[in-house]
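Contents: one structure, followed by commentary.
The values are calculated or read from the model by the stated rules, or taken from the named source; none is laboratory data. All of these numbers come straight from a predicted model, not from anything done at the bench. Here the Cβ is made from the backbone with ideal geometry for all residues, glycine too, and neighbour counts use every protein chain on show. All accessible areas refer to the heavy atoms of the entire protein, side chains included, with ligands and DNA or RNA removed. Shrake-Rupley method; radii C 1.70, N 1.55, O 1.52, S 1.80 Å.
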Amino acid sequence: IEARNALIELDGKMINGQRIQAEFAKPKASDQNYFAANPRIYIGRLPQGTKKQDIQQLFTAFGEVLEIHQKDDYAFLSYANHDSASRALQNMNGFLFNGNRLIVEEARPKDEAAILKTSRLYIGNLAPTLNKTEMLQIFGKYGDVIELNMREDFAFIEYTSVPSAYRALQEMNGQRVGGRKIVIEEAKPKDAQVDSSVLAAASEQAKRNRRKSPRRSLSRSRSRSRERQ
């Protein structure tokens with residue numbers, strides 16, 4: 001509403017001898033394609049104390065809501081279809097909610113990428129009974145997984161895209177899996193280094209164990225005995 005008033009006020013106005021032309025910025029074609037395939041909206045300027053249930057109640061009037069990921073004073077909301085998301089944009093941008101005028105826009109890939117710098121996540125406090133197949137079933141629903149490295153009670157998972165990692169982080173952090181409340185964070189560069197060093201150490205230890213294997217030692221002894229004969 002404020003943007004529309006500013007456009008009306010400024011369009012055609014003379015400034016420094018020049019008549020300016022004001023119009024709404026047109027989204028890039030890539031953003032339009034993304035929104036058409038992903039009916040997902042950004043909701044900004046949420047009042048303090050807003051809960052997911054409040055957002056759900058406000059936006060279900062425009063169609064079926066699939067998921068809501070809330071962080072501080074903003075949220076991302078996904079609809080089941082593009083028409084629902086478009087109606088929400090038209091009706092809710094500038095809507096006065098508990099003293100705040102909401103900002104409702106199309107969600108763009110860069111919006112989610114700004115929250116995470118990498119598509120790699122750290123998952124902690126894993127139950128010892130969880131295996132790799134179960135982990136892929138749980139986390140694979142958020143996007144294509146490039147790599148999953150598990151070690152004792154933690155793991156590192158890498159997705160093909162940052163939005164997939166973001167959805168996994170928002171949806172699964174703090175959830176109970178295998179009887180434990182898991183912790184999910186963005187993997188830091190040093191975490192990746194630790195991950196690599198842990199795997200390298202495990203590989204080296206496996207080689208040492210094979211060298212010390214009694215069966216292998218016995219085989220060597222038999223070979224030496226035959227040579228002497």
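Computed from backbone phi, the HN-Hα couplings of the range 169-183 come to 4, 5, 7, 9, 4, x, 7, 8, 10, x, x, 10, 7, 7, 10 Hz, rounded to whole numbers (Karplus: 6.51 cos²θ - 1.76 cosθ + 1.60, θ = phi - 60°; Gly and Pro given as x).
Here each label is just a point 7 Å from Cα along the line to Cβ, and for L136 and I103 those points are 4.1 nm apart.
Across the cross-link table entries K71/K132; K51/K71; K51/K141, which are compared at the Cα atoms, the separations over 20 Å belong to K71/K132; K51/K141. Computed with a 1.4 Å probe over protein heavy atoms only, the accessible surface of the range 54-196 comes to 52 Å² per residue.
Across the range 51-157, the convex hull enclosing all Cα atoms gives 138 Å³ per residue.
Heavy-atom accessible area with a 1.4 Å probe sorts T160, T129, T60, T118, largest first, into T129, T160, T60, T118.
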